[in-house]
1. Filter segment 210-237 for residues that are surrounded by 18 or more Cβ atoms within 10 Å (Cβ to Cβ) and aliphatic (A, V, I, L, M); which is nearest to residue 33 (Cα to Cα)?
2. Can you work out which of the residues in segment 49-70 that are touching a residue at least 60 places away in the same chain (Cβ under 8 Å) and aliphatic (A, V, I, L, M) is farthest from residue 173 (Cα to Cα)?
3. Go through segment 11-42 and give me each residue that's open to solvent by less than 70 Å² (accessible area, probe 1.4 Å) and among the aliphatic types (A, V, I, L, M).
4. Looking at segment 84-126 only, could you name the residues that are in a helix (DSSP H, G or I), open to solvent by less than 80 Å² (accessible area, probe 1.4 Å) and among the aromatic types (Phe, Trp, Tyr)?
5. When segment 178-195 is examined, which residues are found to be open to solvent by less than 10 Å² (accessible area, probe 1.4 Å) and in contact (Cβ under 8 Å) with a residue 40 or more places away in the chain?
6. Within segment 84-102, is there a residue that is among the basic types (Lys, Arg) and either under 16 Å from the mean Cα position of the chain (by Cα) or at pLDDT 95 or above (or both)?
7. Condition test on residue 77, is it in contact (Cβ under 8 Å) with a residue 24 or more places away in the chain, crowded, with 19+ Cβ neighbours inside 10 Å and not acidic (Asp, Glu)?
8. Is segment 199-209 home to any residue that is open to solvent by 60 Å² or more (accessible area, probe 1.4 Å), under 14 Å from the mean Cα position of the chain (by Cα) and not β-branched (Val, Ile, Thr)?
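The values are calculated or read from the model by the stated rules, or taken from the named source; none is laboratory data. Computed from a predicted structure; not experimentally measured. Positions of Cβ are backbone-derived with ideal geometry, glycine not excepted, and every protein chain shown enters the neighbour counts. Accessible surface areas use protein heavy atoms only, side chains included; no ligands, DNA or RNA. Shrake-Rupley method; radii C 1.70, N 1.55, O 1.52, S 1.80 Å.
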Amino acid sequence: MKNKPNHVVSLKKVCKDFPEEMGGMTRVLFDVSFDIKPGEFTTIMGPSGSGKSTCMNIIGALDVPTSGSYELYGNDVMKMSADELATARNEYIGFVFQNFNLLTKRTVLDNVMLPLMYRGMGTDERLRRARNMLKNVGLEKFEKYLPTQLSGGMKQRVAIARALAGEPKMILADEPTGALDSKMGQEIMDIFKKLNKELGITIIMITHEFDVAKNARRLIYIRDGRIVHDGPVPKDPSKL
């Protein structure tokens, strides 16, 4: 593993093809290139069918490009085996999903600790980390609750704590406010901004909503599989 690379994520001329039902291939990403440095808060945005979800899967080492190159924290993803990809996901990425993906019959504390158990971490360290992460998202008083006893916004905060517990290099958030009302959604955005500003955590967020995207400092907009904007979030979404 390389030490302290300049970029957490580096995509160069990434293309992705999928097979068609009747034969042949369909290209959904065309020469996508961008770098994300440590400590950035970046949104990847685009309409349905734009290719942003495919791009997210590649960034998350859940899929690999058809061509081009992708380095995750200085490591060539294209050369990794399935086991190595799984290790990279576990080591570098904390995932936050739209529908929380919590175990409903396990307590909040158990949900946050569970990924650490799979790493073989001792009980005392798992407890310390999980409780610290719950404190970071303001849920230290709810560790004995079940997810079914929490609001949607609180469930997402548990999911964020779980993602943080493994001390990842970045958080990859897929439509993290999609199942929440606007007030709860903004609460989650405020937590992301706090984590990014105070702890320096790299955040990459996928969304189709401009009101969510504008919480980031950088916007990568994808349309029809191509990047059409990469820079500060514009004040007027019609400019995208």
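1. Result: 227.
2. 59
3. Once the filter is applied, which keeps residues that are open to solvent by less than 70 Å² (accessible area, probe 1.4 Å) and among the aliphatic types (A, V, I, L, M), segment 11-42 yields 11, 14, 28, 29, 32, 36.
4. Of everything in segment 84-126, just one residue is in a helix (DSSP H, G or I), open to solvent by less than 80 Å² (accessible area, probe 1.4 Å) and among the aromatic types (Phe, Trp, Tyr), namely 92.
5. 192, 195
6. There is at least one residue in segment 84-102 that is among the basic types (Lys, Arg) and either under 16 Å from the mean Cα position of the chain (by Cα) or at pLDDT 95 or above (or both).
7. no
8. Taking every residue of segment 199-209 in turn, none turns out to be open to solvent by 60 Å² or more (accessible area, probe 1.4 Å), under 14 Å from the mean Cα position of the chain (by Cα) and not β-branched (Val, Ile, Thr).
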